[in-house]
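Notes follow once the structure below has been shown.
The values are calculated or read from the model by the stated rules, or taken from the named source; none is laboratory data. Here the structure is a predicted model, which is why all the values come from computation and not from measurement. Here Cβ is always computed from backbone atoms with ideal geometry, including for glycine, and neighbour counts include all displayed protein chains.
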Amino acid sequence: MSRISSIYNGTLRRQDTPSTQTTSHDQFPLLNIQEITFCLLACEITVTEEQIARPTNAFVKELYGEFCDQYMGTPIPEVQRRIAQGKRKKLKKLQDTSKKTTNIQERDNDAMEVENGDREDEEMEGQQINEDDNEYDDEDEDLIHLRDLYVLYAATERFMQICGIGNFTLLDILRPDPFRTRRILSAVINFARYRSVRLNACEDLVKRADDEEERLRNVKEKNLDLADKLQELKHKIESSLESSLKAIGTMGPPENINGENTTMFRRRHTLKQIHSYNIKLQDDLNNLKVHVESLMNEYRKYKDEKARLLGKIEDQQYLLAEKTNELERMRDYAQTDITLVRNIVEDLNKQLSEYNERIRTLEAQEKKLESMNGEVNKLEREFREMHLLIEEVSNQQMRESKAKEENDKLNLEVERLDLETKELDRQIGLKEQQLKLQQEKKDKVNQQYNEQERDYQNSIQLVIDEHTKLHERVKLKEQQYTSTKLQIQQLETTIRAQKASFAKEKKNVEIKLYRLAGIMRRYMDQIGNKLDAFNKDNL
């Protein structure tokens, strides 16, 4: 057992302390500050009792970030960095798109206009991009805190759902409450204890998952390297294209070609270069796309193979458990002595022969008893009549038992009402004490009223209103007590009447039982005489 498990189990043995009492909704014990501090230090998380007793915004942010990193494998700073990197990539993509648009417009222009107006356009475009950059940076400065806070809240809320905290809110990070923080940390410690106990059984799976995660990370790094190479290739193509365009723009036209033919020559030469570079770039993109698709297919195959292997492992474990149970059952049969089984079979055969002899004797007795069938039928009719009388008596006894049960229920109801009456008396006593206390408060307020009449007038009115409400509550309790007392008196009258009727019915039943006993004795004497005569005749 790990260190955190021994600490946690030690706290569970002290169930009578207030610090380990479970709330009405949570399925984990609420630990005190000393226990939480000790357990977190055992989990290699540095905290103090002062920080838990008075949690701050910065403390809970750092603590929840450590929980997400340690137990979920989600480092919050890394996630925030990736989100910021994604935003920078989007901004860079927008800048590249604007540059490409500018280059296309420049190619459509005349060579002389490109040469003369290119610098001015680039300066204006650079100013526009810088303005967009500044606006985006200002927006990031305004939203960076909210973004980081939302990332932390989303990861922590998911982790708290796993720990059993279903009402984790953003206020638990912004304005942490000491009691709620204690409750959250108790849930995390409970999860850590469960994790430490169950982690040994999953070490092989964790190791395999780590290996596969490392393999996936390598594949992702390869993809990132390919993406960087592709980006470098794009920049090289664009830079070479721009340099070639500038070179073409600075070249002078042939001496024997006029101005219009010079412009057409430059446009055709530029379009050929663009077309050749586009074809080359398209080939590179197609090759990269094929490579990425092959990597994605391999990753999907790996995931399918992993799921299939996990399913096979579960099936094999289930079959192994079944075969183990079957082997245990068969082992008991295999260990049984064959001589003991033979002795048991011989004993059973002897018992079978004895049973057959008994059956033969019983058949002979049955033939003898057939001659006595008429007399037995007569006795059966008499017994039926006696059975009817017995049923009537048993029904009467059942009615008596039901009456007793009802009487017991009424007695229990009377006891319950007595307890309620005592409880009402106790509450009335408490209310009287409260009235006395309120009266004393009123006297004190009256004394202060004489000294500070203007300042405490509203307080006196509130006390008078509260006193009036308490007086009304006492009146209601007295009315309830009176009605309860009347109900008790009515129940006592009913009980006395039922007791009298029960005694009367009991006397009647006893008389009937005496009569029935006399009839039974006479019938039994007659049956005995007949059986004696029958035995004498047979002898």
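Worth a mention:
- In segment 452-481, the residues that are among the polar types (S, T, N, Q) and exposed (fewer than 10 other Cβ atoms within 10 Å of the Cβ): Asn458
- Of the residues screened, Leu491 is not one that is over 30 Å from Asp408 (Cα atoms) and either part of a helix (DSSP H, G or I) or in contact with a His (Cβ under 7 Å, 6 or more places away or on another chain) (or both).
- Picking from residues in segment 138-174 that are loosely packed, with under 12 Cβ neighbours inside 10 Å and of a type in the set (Asp, Glu), the one that is modelled with the highest pLDDT is Glu141.
- For segment 419-461, the tally of residues that are polar (S, T, N, Q) and not in a helix (DSSP H, G or I) stands at 1.
- Unmet criterion (only one of (1) surrounded by 12 or more Cβ atoms within 10 Å (Cβ to Cβ); (2) at pLDDT 75 or above) for Tyr449: (2)
- Within segment 49-63, the set of residues being under 14 Å from Arg175 (Cβ atoms) and in a helix (DSSP H, G or I) comprises Asn57, Ala58, Phe59, Val60, Lys61.
- Check on Leu379, farther than 23 Å from Gln526 by Cα, of a type outside the set (Ser, Thr, Tyr) and either exposed (fewer than 10 other Cβ atoms within 10 Å of the Cβ) or modelled with pLDDT under 70 (or both): no
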